[in-house]
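Chemist: What follows is a structure written as structure tokens; I'll ask about it next.
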Amino acid sequence: MTTHDDDPAPPGAARGAEQATGGAAATAARDAEPHRGGAATGAAPGSRPATGDDSDSAGSEPATGDDSDAAGSELRITVARSGGLLGTGPRWTVTASAEADVDSWLSLVESCPWDAPEPGDAPAAAATVGGADRFVYTIRVFLPSAEERDARVPEQRLDGPWRDLVDRVKDAGHAEPHR
Amino acid sequence: MSSSTRPPASALHCPTTGSVPARPGFIVPPYLLARLAEADAHGMPRAAEAARRSLLADPALRVERERAAVATPAAPASVWAAATPTVRRTIFDAGNAESLPGRPVRDETDAPADDVAVNEAFEGLGATYALLLEAFGRDSVDGAGLPLLATVHYGRDYDNAFWDGERMVFGDGDGEVFGRFTASLSVIGHELAHGVTQYTAGLVYEGQSGALNESFSDVLGALVEQHQRGQRAEEASWLIGEGLFTEAVQGRALRSMSEPGTAYDDDVLGKDPQPADMAGYVDTRDDNGGVHLNSGIPNRAFALAATELGGFAWERAGRVWYDALVGAPGAPAPVSPRATFAEFAAATVTAAHARFGAESTEASAIDRAWRTVGVRSDDDPR
């Protein structure tokens, strides 16, 4: 199994739902599905692309209520650890479907710098980032809109919101064996 | 060409005087050997033993070897000009936090601490220093006496050990799958070897060059353990990280160099994913492009060559791997930072020719090992 239902929202994670939802839509632009771009034209930060609200929310404002309750508006986050001396690691998965849970996780997701270049994209960095045998975290978020975002964060850069997100998924999530 | 017509470079080969074998890479001036011969009073019995043996070797040959060493980037002039190569170790305690370096708890002159992780790290650094100096004439990780630093008790339940560019860092393990990471000498050697690679070939830590970086660390880790135990290749386990798992784990070690893919098969850890040859090469974005997975391929090549050659693995296969990594007479440049498996294999064959002769058993065993794991093929010159 890859999901774990009914995970409680992490304590203290609940921030303003309206901000969280809107932010989710805006930053989802980086990994935007081709079809989404039509209306959102480039999806500049602050724009309000639809997040699964094509059918039940006609307005351009982010939905802060009803649509996130809809069946299927499930948020799933996986954190997979690789690297380290062993090379493989466990994967943790958390799934949220209740509105408050989704919103609190989203606010955490939104606080992460998804748009920062991945160190792995700059090959020379691999030699100079320092060291060997460090862990690498692959973080994937499956948004209620069915959009997906991912990032690969080396342990050396796992701080601030990345660290919060990974720690909370580890604490609240279901762990699978090493892969 | 018979072995009697080896090229002059074979003068670098291990000379023997009577029944006393000298180590091929032990290139140290006589005054220094005399000092080293006293080193067992300072807790370095192996260094002392090796020095005594080298003092008995033919002085003329030693001069030859010294001359050759001057041309070797791995042995900078400072080694000769500076004072006696001496290991300088400091162990730090992170106190289960994740900030480095932590609090210094044992220095070179201190008595053993009341902490097994501190003492294991200290002894492991010493054993690695001894191998580098005795087998390869290398004074520490940088070849110039770099102080060796380690931090223990890093993080909470931290299931790893790593090299951060300046020091080795060890977690205590979670107690369920892993115990403390200082418990394995091969892992300590592995981490310090990342430092050697950093100061020499600088193999980029991703893809094939990253897997070579990993593999050289396993090679050196295995050699440190064998050297410390006085084990010959045919007696060695060829395991990396033996003793790190708790008893709950179905597994022997993190990796097997001689049989990649067989080190563990466990409910939590899964099955050892290492391939044993190129047919099993793993393409992945995880683990910096599978650096800890595909290292199984060059690892096995080393173990095959070393066991075929027999004897102390650091004297022949190990010497050749080291030459290829750092550059050596006859194979002057280290492998490139982006070296592929094929390029590194070619570098080891070149290094074997230079050190032992083109028709040597060393060169042919190493060439054959790379063919067995599918890295070299019939297209490559023998």
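Nothing in this text is a laboratory measurement; each read-out follows from the coordinates by a stated rule. Quick caveat: nothing in here was measured; it's all calculated off a predicted structure. With ideal geometry, Cβ positions are generated from the backbone for all residues, glycine too; neighbour counts draw on all protein chains shown.
Chemist: Using the Karplus equation 6.51 cos²θ - 1.76 cosθ + 1.60 (θ = phi - 60°), what ³J(HN,Hα) coupling, rounded to whole Hz, does each residue of the range B:222-237 give in order, writing x for Gly and Pro?
Modeler: Those phi angles translate into 5, 5, 4, 5, 5, 5, 5, 8, x, 8, 7, 3, 6, 9, 7, 7 Hz.
Chemist: From Cα coordinates alone, what are the radius of gyration and Dmax values for the range B:162-221 in angstrom?
Modeler: Computed over the Cα atoms of the range B:162-221, radius of gyration and Dmax are 12.2, 37 Å.
Chemist: Between B:Thr84 and A:Glu148, what is the label-to-label distance in nm when each label sits 7 Å out along the Cα-to-Cβ direction?
Modeler: 6.3
Chemist: Then there's this: With each label point set 7 Å from Cα along the Cα-Cβ vector, what nm distance links A:Ala116 and B:Glu343?
Modeler: The answer from the label model is 3.1 nm.
Chemist: Out of residues 5 or more away from A:Gly173 or on other chains, whose amide H comes under 5 Å of its own, with H placed 1.01 Å from N in the peptide plane?
Modeler: none
Chemist: How charged is the neighbourhood of B:Gln208? Take every other residue with its Cβ under 12 Å from the Cβ of B:Gln208, and add Lys/Arg as +1 and Asp/Glu as -1.
Modeler: -3
Chemist: Once amide H atoms are built 1.01 Å from N in the peptide plane, which residues 5 or more positions from B:Gly311, or in another chain, come under 5 Å H to H?
Modeler: Hits under the 5 Å cutoff: B:Ala233, B:Glu234.
Chemist: I would also like to ask the following. Find how many whole Å separate the alpha carbon centroid of the range A:78-112 from the alpha carbon centroid of the range B:345-378.
Modeler: First find each Cα centre; the distance between them is then 47 Å.
Chemist: Given 0.36 nm per residue, what is the gain on full extension from B:Asp174 to B:Asp277 after removing their alpha carbon distance, in nm?
Modeler: Length gained between B:Asp174 and B:Asp277: 33.8 nm.
Chemist: Tally the DSSP beta bridges in the range B:89-372 and give the antiparallel ones as a percent, rounded to 5.
Modeler: Roughly 65 percent of the beta bridges in the range B:89-372 run antiparallel, per DSSP.
Chemist: Given a Förster radius of 35 Å and the C-beta distance between B:Asp114 and B:Asp267 as r, what FRET efficiency does 1/(1 + (r/R0)^6) yield to the nearest 0.05?
Modeler: 0.45
Chemist: So what are the three principal axis dimensions of the range B:89-372 from its Cα atoms, in whole Å, longest to shortest?
Modeler: Principal axes ranked by extent give 54, 44, 34 Å for the Cα atoms.
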